[in-house]
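Participant: Below are the structure tokens for one structure; questions will follow.
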Amino acid sequence: MTTTNSPPNSDFIRTAVSQDTYSGRFGGRVHTRFPPEPNGYLHIGHAKALTIDFGVAEDFGGLCNLRFDDTNPTKEDVEYVNSIREDIRWMGFDWGDREYYASDYFEQLYEYAVKLIKMGKAYVCDLSGEALSEFRGTVTEPGRPSPYRNRSVEENLDLLARMRAGEFPEGSRVLRAKIDMSHPNLLMRDPVMYRILFDRHHRTGDAWRIYPTYDFAHGQCDSIEGITHSLCSLEYEVHRPLYDWYLDALEIFHPRQIEFARLNLNYTVMSKRMLLQLVEGGYVTGWDDPRMPTLSGLRRRGYTPESIRAFLELVGVAKAQSVVDVGLLEHTLRQDLNRRAPRAFGVLRPVKLVLENYPEDLVEEMGCTNNPEDPAAGSRKVPFSRVLYVERDDFREDPPSKYWRLAPGREVRLRYAYFVTCVGVVKDETGEIVEIRCTYDPATRGGAAADGRAVRGTIHWVSAAHAVDAEVRLYDRLFVRENPLEDPDVDFLTLINPESLQVLRGCKLEPGLAGALAGSRYQLERNGYFCVDSDTKPGKLVLNRTVSLRDTWAKIERSAGDNSGRSLKSR
């Protein structure tokens, strides 16, 4: 019985690659590429693509190139190039010395265009953009040939050279492939190969006045680099006949294109154009705003690359489009941070708690576990004193049913410390509680009573005299609608959640976080997982809440773990 040596957790892409390597196609080589456009920051949808591109190469002992598709100088910038490099490395992948650019091949692509003209398979067209669309026809009506379609080879060569020299205005002429104006695939109806653009290119400067389109450049760049498997998201399936046509017409090395469903998340948008609108319109603070689905935004918020890769593994590789619940992404993040994040005390909405019978000058150190999921993490000492801060929500004068926290006459446990009982409150002139007065039981040090009595409520605390002040930013969904693009008549910008960012100042943290570095992650007990923000500087500590502790996906972990290639749709 023969096998194709499929890697573990195989999907339809890996099965196809296995078949190719077994049959000897491409000499048994596997060489992929990740081809981002440097016109924006990578988002989590790109993470799926780069994980597939680099992951398939790794699984088969092959190579993966990083190639920037820099064919449109009007939107590209070195800033984007640098951010893309950083994001790929953060995700755990390395392209070695194989960093390329479509602009590396501009001269070769131009020679390919000349070759197609000489073969009678390309021509210069003077139709305007509006006329091009009109002549192309519709899905139900064939297109009409351009009046310039039958120009001679000599005239087309002359016009293309003059286009390159910058003799004609922008938009006045294009180079088109001569294929079939009645083809059922509109992309095959004499597609544009080159257009005139006078914008300065971030790498080639003003050397070029014409630039290839994506469809003309992509397949030929793959061919030049010896790419065996061109793995693309599903919207490029309709482009595949054109990809194949150029390679066949030029009679050059022909990679295999395979398409997969792109990643879509609810409560967000994935279009770089729309993300740019959010940035330029000031709706977010930048590409790395923690509410953005960009990898830099997720990193700043506190996501780990391991959690993102675990999420992508759960989602799987499929052909069918679907929308994945962002709750699944948060679930994999909680699982990862639960194992790695040290615990700490932090009070976000503080109110003072005074222990009336605790000595005023006494400071004790309470032993606290750093991470119960990681015995090697050890423990730490946290100072405890007469005046503490606790969460305002952990006290109710008139508690509702099944409220087990602090209330008048009620005893609760201060985590790792003592049992305390509320004996009164102090209010200001507006009636707001400014102090909770309690007594403590010295016999319950460590949070357990010698007489065996139990309490139902446990709350966290911070010593007032030792507390570190912090600004804490709480994040919610960026959009109020699960599918912000559901109604084409509604501007997605009007659906931004006004509560997507809440800034809390005057939060109190345990003193061990005083020197926390940007990027450090913690679980603030009972409040969620937090990451130290890049805005942190001496005298100002800023934390982002990465994710809350509540996990609606925990119940379905077993079903979510089915890695059969089926996408997990939003629930």
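Participant: If each DSSP helix of 4+ residues adds -39,500 (n - 2.57) and the sum is divided by the residues in the chain, what number results at 222 nm, nearest 500 deg cm²/dmol?
Facilitator: Details: 13 runs with 144 residues, N = 571.
Value at 222 nm, helices only, nearest 500: -7500 deg cm²/dmol.
Participant: Starting with the highest mean, order 486-493, 278-285, 174-181 by the number of other Cβ atoms within 10 Å, averaged over the residues of each peptide. Intermediate results must be reported in sequence, preceding the final value.
Facilitator: On the way: 486-493: 10.9, 278-285: 14.8, 174-181: 20.9.
In descending order of packing, they fall as 174-181, 278-285, 486-493.
Participant: Taking only Cα atoms, what is the 0 to 90° angle, nearest 10, from helix 44-59's long axis to the longest principal axis of the chain?
Facilitator: 70 degrees
Participant: Sticking with this structure for a sec: What's the center-to-center distance, using Cα atoms, between segment 362-427 and segment 134-174 in Å?
Facilitator: 76 Å
Participant: Right, here's the next one. Distance from the Cα centre of segment 308-331 to that of segment 454-512, in angstrom?
Facilitator: Spelled out, the Cα-based centre of one part sits 24 Å from the other.
Participant: Now for a different question. Which of the peptides 28-40, 147-159 is most tightly packed, and how do the rest follow, judged by the mean count of other Cβ atoms within 10 Å per residue? Don't jump to the answer; show the numbers that get you there.
Facilitator: Details: 28-40: 21.4, 147-159: 14.9.
With the highest mean Cβ count within 10 Å placed first, the list reads 28-40, 147-159.
Participant: Still on this structure: How far, in degrees from 0 to 90, does helix 78-90 lean away from the longest principal axis of the Cα atoms of the chain, to the nearest 10?
Facilitator: The angle comes out at about 60 degrees.
Participant: So if I take the alpha carbon set of segment 260-413, get Rg, then get Rh from the Kirkwood formula, what is the Rg over Rh ratio?
Facilitator: Ratio of gyration radius to Kirkwood radius for segment 260-413: 1.11.
Participant: Could I ask something else about it? Per-residue HN-Hα couplings for segment 270-275, Karplus 6.51 cos²θ - 1.76 cosθ + 1.60 at θ = phi - 60°, whole Hz, x for Gly and Pro?
Facilitator: 10, 6, 5, 4, 6, 5
Participant: For helix 240-250, what angle does its Cα long axis make with the longest principal axis of the chain, in degrees from 0 to 90 and rounded to 10?
Facilitator: Approximately 40 degrees, to the nearest 10.
Participant: Hey, which aspartates and glutamates would be in cross-link range of K178, C-alpha to C-alpha under 13 Å, not counting anything within fewer than 8 residues on its own chain?
Facilitator: Result set, ordered by chain and number: D190.
Participant: If you keep only loop residues by DSSP, which GluC sites (Glu not before Pro) in segment 321-369 have at most 16 other Cβ atoms within 10 Å of their Cβ?
Facilitator: Working: sites: E330, E356, E360, E364, E365; in loops: E356, E360.
Qualifying residues, ordered by number: E356, E360.
Participant: Here is a further query. Enter the accessible area per residue of the chain (Å², integer; probe 1.4 Å; all protein chains in place). All intermediate terms of the calculation are to be shown ahead of the outcome.
Facilitator: Working: 25060 Å² over 571 residues.
Ligands and nucleic acids excluded, the figure is 44 Å² per residue.
Participant: Of the accessible area of segment 9-160, with the probe set at 1.4 angstrom, what percent is carbon plus sulfur? Don't skip to the end; give the middle numbers.
Facilitator: Details: 2960 of 6400 Å².
Here carbon and sulfur together make up 46 percent of the probe-accessible area.
Participant: While we're looking at this one, here's another question. Ratio to report: Rg/Rh of segment 464-514, with Cα atoms as the point set and Rh obtained by the Kirkwood method; give two decimals.
Facilitator: My calculation of the ratio gives 1.31.
Participant: Using packing as a proxy for protection, rank 370-381, 300-311, 95-106, 332-343 so that the peptide with the highest average count of other Cβ atoms within 10 Å comes first. Intermediate results must be reported in sequence, preceding the final value.
Facilitator: Details: 370-381: 12.5, 300-311: 22.2, 95-106: 17.0, 332-343: 19.8.
Descending packing order for the listed peptides: 300-311, 332-343, 95-106, 370-381.
Participant: Nearest-5 percent of antiparallel DSSP beta bridges in the chain? Provide the component values of the computation, followed by the final result.
Facilitator: Details: 55 of 80 bridges.
Percent antiparallel among DSSP bridges in the chain is about 70.
Participant: So which aspartates and glutamates can K427 reach, going by Cα to Cα under 17 Å and dropping same-chain residues fewer than 8 places off?
Facilitator: E356, E391, D393, D394, E397, D398, E435
Participant: Here's another thing I want to ask about it. Can you give the charge dipole size of the chain about its Cα centre, rounded to the nearest 20 debye, using +1 on the beta carbon of Lys and Arg and -1 on the beta carbon of Asp and Glu? Present the calculation step by step, with values, prior to reporting the outcome.
Facilitator: Numbers: 75 positive and 84 negative charges, 222 e Å.
The calculation lands at about 1060 debye.
Participant: For the chain, what is Rg from Cα atoms divided by 2.2 N^0.38 Å, rounded to two decimals?
Facilitator: Details: Rg = 30.5 Å, N = 571, 2.2 N^0.38 = 24.5 Å.
Here the answer is 1.24, to two decimals.
Participant: Sequence-distant or interchain residues sharing an amide H contact under 5 Å with R343, placed H: which?
Facilitator: HN-HN under 5 Å from R343: N371, Q523.
The values are calculated or read from the model by the stated rules, or taken from the named source; none is laboratory data. Please read these numbers as outputs of a predicted model, since none were measured by experiment. Here the Cβ is made from the backbone with ideal geometry for all residues, glycine too, and neighbour counts use every protein chain on show. Note: accessible area is taken over every heavy atom of the protein model, side chains too, but ligands, DNA and RNA are not part of it. Shrake-Rupley method; radii C 1.70, N 1.55, O 1.52, S 1.80 Å.
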